[in-house]
1. Looking at Ser201, Ser209, which is the one that is within 11 Å of the chain's Cα centre (by Cα), of a type outside the set (Lys, Arg) and modelled with pLDDT of 95 or more?
2. Taking the residues in the range 283-297 that are over 18 Å from the mean Cα position of the chain (by Cα) and not hydrophobic (A, V, I, L, M, F, W, C) as candidates, determine which candidate is nearest to Ala267 (Cα to Cα).
3. Would you be able to say whether some residue in the range 265-275 is aromatic (Phe, Trp, Tyr) and more than 30 Å from Glu38 (Cα to Cα)?
4. Would you mind stating whether Gly84 is without any contact (Cβ under 8 Å) to a residue 12 or more places away in the chain, assigned to a loop (DSSP other than H, G, I, E, B), within 28 Å of Gly220 (Cα to Cα) and more than 24 Å from the chain's Cα centre (by Cα)?
5. With the condition kept exactly as written, say whether any residue in the range 256-278 is on the phi > 0 side of the Ramachandran plot, in contact (Cβ under 8 Å) with a residue 24 or more places away in the chain and within 15 Å of the chain's Cα centre (by Cα).
6. Among the numbered criteria (1) crowded, with 20+ Cβ neighbours inside 10 Å; (2) within 28 Å of Leu200 (Cβ to Cβ), which one does Ala147 miss?
7. Please note which strands (runs of 3 or more DSSP E) are completely contained in the range 325-396 and include at least 2 residues that are on the phi > 0 side of the Ramachandran plot.
Amino acid sequence: MYTNVTILITIVIKFDITFVGDTRDIMDGDQAYEKIKETALSGRYIHHSHLIPILKKLSPAWKVEEIGFSVKGLPIEKITVGRGPTKILMWSQMHGNESTTTKAVFDLIKALSSGYSNARDLLESLTIVIIPMLNPDGAMAYTRLNANDIDLNRDAQDRTQPESRVLRSVFDEFSPDFCFNLHDQRTIYSAGSVPRPATLSFLSPAADSNRTVTENRLKGMNLIATINNELQLLIPGQIGRYDDAFNANCVGDAFQMLGTPTILIEAGHFQGDYEREKTRKYVFKSLWKALECVAFDPLDFDHEKAYIAIPENKKYFFDILVLNAHHLIKKIDTGDALGILYKELLQGDAIHFSPFVDRTGTLDGYFGHLTYDCAKPEDVILLKNHDRIAKLINFS
Ligand SMILES: [Zn+2]
């Protein structure tokens, strides 16, 4: 087992990634999307200061209200869009370092404000309350947890944190018909046991430990199956389903227990897109489809089987997989591979991706977003000429 691996540098992925793979953007209305995209937000590091000018511009067309404060006293806002009878609540960045869905909800607001597709009908059918950044302290520090080191998605029952109480008070007051719990997931997830990243993952959470398919849970499943049908055209094979182990402390499970269909959407990796600008678009398209369904469709059919057919998320990806690494590293066992992951580090005003060797071993069944096979001379040349990887590993 090779353990003496030295991390020598930190790299910024966006200047570094080349990939061979799926760049399809088929018939997905890219031009229309680019027109409505909220260009004031980009990349991974999105914190509350970035939102202030956008929120200012939204008012007075849409109601922007301060609904509480974080542990460190940063404001938490909600935005109300539309005037219809069906009520939707969504929140993003409950985990501070999960900003992709925040970009997507501002795309959504811009689309609704600018007449994109059937925006006018949606605004007449729906009232949508969006909390774009529930954990502004975590967003500033680029951490999952809030400033008291609490995971807000495990605080739904006790509500020990001000951010948890803010969300619950909006839920109680607004009494939504449907909720969207918006997150990011790591690059390690594959959509099943195949070499396809889970660019999007979904869950209609359980409302009890028996994971009963209640009427509301089925509504969530129906919605997810419908979104999946549409998004498979854009990112075929790259949609996963989270396992439905019940945990009453998770917000989605807790809201399901209270009788409101609540779905989880996780933004994940798309080939080469470490800034998650492509994933952002697919989240936007998922949200748009979801709004159409909730607005115009009673969702009273039974798509449970189609929902279950979505492959379950697996943790089968490394950022970089180096196969047969013993050809280059003497201390590693013959045939073993290196599984390299990136740690996301906030440095200055940007997120840097620092590589580390997460695992060594045969790593059968694992995939890499980039893969090098040291049994192939051409890959060895690539690796040795690849400054950043070569510097990561102390070849000896
Ligand atoms: Zn999360």
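1. Among Ser201, Ser209, only Ser201 is within 11 Å of the chain's Cα centre (by Cα), of a type outside the set (Lys, Arg) and modelled with pLDDT of 95 or more.
2. In this case the residue turns out to be Glu292.
3. Taking the range 265-275 as the starting set, the residues that turn out to be aromatic (Phe, Trp, Tyr) are 270, 274.
Now restrict to residues that are more than 30 Å from Glu38 (Cα to Cα): none.
No, the range 265-275 has no match at all.
4. Working: without any contact (Cβ under 8 Å) to a residue 12 or more places away in the chain: no; assigned to a loop (DSSP other than H, G, I, E, B): yes; within 28 Å of Gly220 (Cα to Cα): yes; more than 24 Å from the chain's Cα centre (by Cα): yes.
In short, no.
5. Yes, the conditions are met somewhere in the range 256-278.
6. (2)
7. Hits in the range 325-396: none.
This table checks each residue for (1) surrounded by fewer than 18 Cβ atoms within 10 Å (Cβ to Cβ); (2) touching a Pro at 6+ places or on another chain (Cβ under 9 Å); (3) modelled with pLDDT under 95.
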{"position": "Ala309", "(1), (2), (3)": "yes, no, no"}
{"position": "Glu312", "(1), (2), (3)": "yes, no, no"}
{"position": "Asp319", "(1), (2), (3)": "no, yes, no"}
{"position": "Ala337", "(1), (2), (3)": "no, no, no"}
{"position": "Val357", "(1), (2), (3)": "no, no, yes"}
{"position": "Gly365", "(1), (2), (3)": "yes, no, no"}
{"position": "Ile381", "(1), (2), (3)": "yes, no, yes"}
{"position": "Lys391", "(1), (2), (3)": "yes, no, yes"}
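The values are calculated or read from the model by the stated rules, or taken from the named source; none is laboratory data. Treat the numbers as computed from the prediction; the structure is a model and nothing was measured. Every residue, glycine among them, receives a Cβ derived from its backbone with ideal geometry; neighbour counts consider all protein chains shown.
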